[in-house]
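*Asks:* This structure is in structure tokens; I'll ask about it shortly.
The values are calculated or read from the model by the stated rules, or taken from the named source; none is laboratory data. A quick note: this is a predicted structure, and the numbers were derived from the prediction, not measured. Neighbour counts are summed over all protein chains in view; Cβ atoms, including those assigned to glycine, are modelled from backbone coordinates with ideal geometry.
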């Protein structure tokens with residue numbers, strides 16, 4: 001039987017640094033349209049996996065190196081998710097890979113909704129990979145917030161991993177809140193419109209550049225706890 005342990009072993013064999021399982025019921029408080037069962041009616045569990053983000057990206061001068069590394073990480077997680085899906089399907093499992101980034105949808109008024117198909121950081125929290133920090137990033141005990149996430153929706157009902165209970169942010173720390181150039185953070189949530197206007201811009205070649213990663217740069221647990 002393909003249990004949670006074997007699923008994780010497969011993820012690690014494909015290059016994942018982290019992998020956790022969350023049953024679909026854990027997402028009961030998800031916003032409308034963002035529950036796994038609304039994305040795929042066959043979903044019974046969400047498999048969340050992650051790769052470590054290179055720490056050197058934080059010390060690079062200018063936004064081009066960080067943006068380049070970020071794009072490569074997204075491509076790597078999408079590649080891993082596709083191969084993960086295909087290998088599970090060979091074993092008779094219905095699996096749906098989700099994009100490691102966006103795409104973001106727009107509501108009826110044309111305003112950008114700053115949600116992907118599924119909030120991967122919340123999925124990672126529910127799958128036991130880490131806790132949400134005041135910068136709203138998922139903080140893993142070993143890798144800190146320097147991780148990139150991917151996920152699969154599967155039709156297997158498997159035991160969920162324990163939700164992490166370690167402390168993410170140091171007591172009283174406000175470094176990310178005070179460093180945010182547009183005051184998009186309040187300690188529990190992020191103003192997606194403010195953050196999005198600052199972080200992404202289009203270069204002359206049409207590529208999107210990430211102009212700000214201050215919440216990661218100043219975080220004392222970016223590299224682990």
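*Asks:* Scanning region 191-212 for residues that are surrounded by fewer than 18 Cβ atoms within 10 Å (Cβ to Cβ) and closer than 13 Å to residue 136 by Cα, which turns out modelled with the lowest pLDDT?
*Replies:* 192
*Asks:* Hey, any hits in region 143-151 for a residue that's farther than 25 Å from residue 173 by Cβ and within 12 Å of the chain's Cα centre (by Cα)?
*Replies:* Within region 143-151 (the criterion being farther than 25 Å from residue 173 by Cβ and within 12 Å of the chain's Cα centre (by Cα)), the answer is yes, since at least one residue qualifies.
*Asks:* Let me confirm something: among 23, 31, which residue is out of contact with any strand residue (DSSP E or B) (no Cβ under 7 Å at 6 or more places or on another chain) and either under 26 Å from residue 145 (Cα atoms) or at pLDDT 95 or above (or both)?
*Replies:* 31
Residue by residue, here is whether (1) in a helix (DSSP H, G or I); (2) modelled with pLDDT of 90 or more; (3) surrounded by 14 or more Cβ atoms within 10 Å (Cβ to Cβ); (4) touching a strand residue (DSSP E or B) at 6+ places or on another chain (Cβ under 6 Å) holds:
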{"position": "109", "(1), (2), (3), (4)": "no, no, no, no"}
{"position": "153", "(1), (2), (3), (4)": "no, yes, yes, yes"}
{"position": "162", "(1), (2), (3), (4)": "no, yes, no, no"}
{"position": "183", "(1), (2), (3), (4)": "no, yes, no, no"}
{"position": "215", "(1), (2), (3), (4)": "yes, yes, yes, no"}
{"position": "222", "(1), (2), (3), (4)": "no, yes, yes, yes"}
{"position": "225", "(1), (2), (3), (4)": "no, no, yes, no"}
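*Asks:* Go through (1) surrounded by fewer than 16 Cβ atoms within 10 Å (Cβ to Cβ); (2) modelled with pLDDT under 95 for residue 66 and report which single condition fails.
*Replies:* In the conditions (1) surrounded by fewer than 16 Cβ atoms within 10 Å (Cβ to Cβ); (2) modelled with pLDDT under 95, residue 66 misses (1) alone.
*Asks:* Mind telling me which of the residues 187, 128 ends up being part of a loop (DSSP other than H, G, I, E, B) and loosely packed, with under 15 Cβ neighbours inside 10 Å?
*Replies:* 187
*Asks:* Of all residues in region 1-16, which are touching a strand residue (DSSP E or B) at 6+ places or on another chain (Cβ under 8 Å) and buried (at least 17 other Cβ atoms within 10 Å of the Cβ)?
*Replies:* Selection gives 4, 7, 8, 11, 16.
*Asks:* Take residue 177 and tell me if it is at pLDDT 95 or above, part of a loop (DSSP other than H, G, I, E, B) and either loosely packed, with under 15 Cβ neighbours inside 10 Å or touching a strand residue (DSSP E or B) at 6+ places or on another chain (Cβ under 9 Å) (or both).
*Replies:* no
*Asks:* In region 1-90, which helices (runs of 4 or more DSSP H) lie fully inside it and hold 2 or more residues that are touching a helix residue (DSSP H, G or I) at 6+ places or on another chain (Cβ under 9 Å) and without any contact (Cβ under 8 Å) to a residue 24 or more places away in the chain?
*Replies:* Hits in region 1-90: 64-90.
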